[in-house]
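The values are calculated or read from the model by the stated rules, or taken from the named source; none is laboratory data. Remember, predicted model here, so these are calculated numbers, not experimental data. Cβ sites come from the backbone with ideal geometry, for glycine too, and all protein chains shown count toward neighbours. Keep in mind that these areas ignore ligands, DNA and RNA; they rest on the heavy atoms of the full protein, side chains included. Shrake-Rupley method; radii C 1.70, N 1.55, O 1.52, S 1.80 Å.
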Amino acid sequence: MFIIDFSASKADILSTISNRDYPSWTVPVFDFIRSWLDEDIKSFAVQTSGSTGTPKVIYHSRESMIASAEMTCDFFQLKKNNISLLPLPATHIGGKMMIVRSIVRGMKLICVEPRSNPLEHFNFYDEIEFAAFTPMQMSMILNAPSSDASLSHISKIILGGGEVSYPLRQRLQKISPSVYETYGMTETISHIALKKLNGADRSDYFTVLDGVKISTDVRGCLVIDAPHLSSPKIITNDIVNIISEKEFQWLGRFDNIINTGGIKVSAEEIERKLQSFINVNFFAAGIDDDILGQKVVLVLETDQTPNLNYTDILGKYEKPKQILSIEKFTYTENGKINKKETLKRITQK
């Protein structure tokens with residue numbers, strides 16, 4: 001663990017990160033900070049996660065990243081000398097933007113090793129105003145005996161990098177910090193919308209940040225128009241229901257639509273209907289079938305023989321034709337299930 005005070009002078013910050021005794025995981029953090037403090041560098045490379053396609057490197061301008069950081073800081077009312085916590089790798093957009101937010105607002109940033117439970121062995125010396133975790137990290141934190149004591153020192157938490165499961169949402173109702181699920185991607189410079197997950201004001205809908213405009217295309221997929229993005233509009237593959245000019249409900253991925261016998265069903269809708277009945281990680285998908293074109297399958301992360309009864313839960317065309325299982329899913333670096341690679345491993349056995 002180390003602390004960087006971004007209210008300090010540039011010289012003092014550079015002096016703090018020049019210590020050669022820091023562990024190897026700090027290298028990407030320090031490299032990004034040095035690059036950011038070099039005002040001659042106008043754009044920054046970021047790698048996409050690869051959860052929905054081949055990972056690629058894209059570039060964001062300094063001005064766009066500052067604008068994105070300001071939007072989030074304004075939403076959470078973050079200010080100078082607040083303390084933020086970075087347990088994410090600085091190689092991806094989520095980690096980089098936690099650093100940028102701290103720099104923009106002159107906050108103190110606590111950096112800890114990106115690991116499954118980043119609060120393990122963590123000693124709180126002060127109250128943390130703002131922290132970011134992946135859903136997987138949040139689950140591991142909650143599994144620890146000391147989770148209540150640890151989380152009581154944090155005021156606001158954002159969860160990004162993957163969908164928040166139903167069991168995790170249920171567990172979040174019992175903790176004191178305000179927790180928000182983020183909607184965004186590398187292309188949108190981190191999140192452009194937030195959904196409150198716990199407390200009396202929790203919601204089923206994402207609320208876009210100030211200045212962001214939303215609409216849908218002919219497929220029903222979200223179109224994002226935000227002032228800080230270098231592209232005029234970003235057309236996503238996320239099927240949504242627009243609730244108002246500021247709110248939307250995420251329904252699923254267009255590329256996860258299963259065409260089974262000419263009937264289109266949503267993999268995510270199947271998952272939502274089953275999430276309160278299955279106590280292991282799972283996902284629905286379509287695989288090639290000689291008769292149907294695609295057949296619906298359910299994939300479970302377990303080494304046990306599953307025994308499921310979903311007769312009254314799923315519609316006629318949503319019912320899986322086959323249940324597959326594997327002891328361990330394939331995950332991306334930031335904790336998302338890599339469904340394509342997991343299915344490949346199972347079907348090639």
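Filter the cross-link list Lys195/Lys264; Lys174/Lys336; Lys96/Lys264; Lys264/Lys340; Lys10/Lys233; Lys316/Lys340 down to pairs whose alpha-carbon distance in this structure exceeds 30 Å. In this structure, Lys96/Lys264; Lys10/Lys233 lie more than 30 Å apart at Cα. Neighbours of Val296, meaning other residues whose beta-carbon lies under 14 angstrom from its beta-carbon, give a summed charge of +1 when Lys and Arg score +1 and Asp and Glu score -1.
Calculate the all-directions average of the projected area of the chain's alpha-carbon convex hull, and give it in nm². Spell out each step's value before the answer.
Working: hull surface 76.5 nm².
The Cα convex hull of the chain, projected and averaged over all directions, gives 19.1 nm².
Can you pull the accessible area of Ser24 for me, 1.4 Å probe, Å² to the nearest 10? Looks like 100 Å² after rounding. Computed over Cα pairs, the Kirkwood radius of the range 201-325 leads via Stokes-Einstein (1.567 mPa s, 4 °C) to a diffusion coefficient of 79 µm² per second.
Extension gain, Ile234-Ser116: 0.36 nm per intervening residue step, less the Cα-Cα distance, totals 39.3 nm.
For the chain, give me the percentage of DSSP beta bridges that are antiparallel, rounded to the nearest 5 percent. Numbers along the way, then the final one.
Details: 44 of 64 bridges.
Bridges in the chain that DSSP calls antiparallel: roughly 70 percent.
For the range 261-345, what is the charge dipole size about the Cα centre, in debye to the nearest 20, if Lys and Arg each add +1 at the Cβ and Asp and Glu each add -1 at the Cβ? Let's see the in-between values first.
Values: 13 positive and 13 negative charges, 28 e Å.
I would put it at about 140 debye.
Of the chymotrypsin sites (Phe, Trp or Tyr not before Pro) found in the range 24-132, those in coil by DSSP whose Cβ has at most 12 other Cβ atoms within 10 Å are Tyr125.
For the range 60-168, the direction-averaged projected area of the alpha-carbon convex hull comes to 6.9 nm². Counting 0.36 nm for each residue step from Lys340 to Ser152 and taking away their Cα separation leaves a gain of 63.9 nm.
Which whole-number value in Å³ per residue fits the convex hull of the alpha carbons of the range 1-80?
On the way: hull volume 11.6 nm³, N = 80.
Cα convex hull per residue, to the nearest whole number: 146 Å³.
For the range 90-243, the Kirkwood estimate of the hydrodynamic radius, built from every pair of different alpha carbons, is 16.8 Å.
With both labels modelled 7 Å from their Cα along Cα-to-Cβ, the Asp255 to Ile243 distance reads 2.7 nm.
Place a +1 charge on the Cβ of each Lys and Arg in the chain and a -1 charge on the Cβ of each Asp and Glu, then give the dipole magnitude about the Cα centre in debye, rounded to the nearest 20. Let's see the in-between values first.
On the way: 39 positive and 41 negative charges, 82 e Å.
With Lys and Arg at +1 and Asp and Glu at -1, about 400 debye.
Applying the Karplus relation 6.51 cos²θ - 1.76 cosθ + 1.60 with θ = phi - 60° to the range 319-324 yields 3J(HN,Hα) values of 5, x, 7, 7, 10, 10 Hz, where x marks Gly and Pro.
A Förster radius of 41 Å combined with the Cβ-Cβ distance from Ser15 to Ile58 puts the calculated FRET efficiency at roughly 0.80.
Assuming a viscosity of 0.890 mPa s and a temperature of 25 °C, what translational diffusion coefficient in µm² per second does Stokes-Einstein assign to the range 109-185, Rh being the Kirkwood radius over Cα pairs?
Details: Rh = 12.7 Å.
This corresponds to a translational diffusion coefficient of 193 µm²/s.
Between Asn309 and Lys213, residue separation times 0.36 nm minus the direct Cα-Cα distance comes to 30.3 nm.
Of the residues Thr260, Val212, Ile239, the one whose Cα sits farthest towards the positive end of the charge dipole of the range 178-300 is Val212 (charges of +1 on Lys and Arg Cβ, -1 on Asp and Glu Cβ, taken about the Cα centre). With protein chains left intact and a 1.4 Å probe, residues in the range 176-246 average 45 Å² of accessible area per residue. Rolling a 1.4 Å probe over the protein chains gives Glu341 an accessible area of about 70 Å². Expressed as a whole percent, the accessible area of the chain that falls on carbon and sulfur atoms is 47 (1.4 Å probe).
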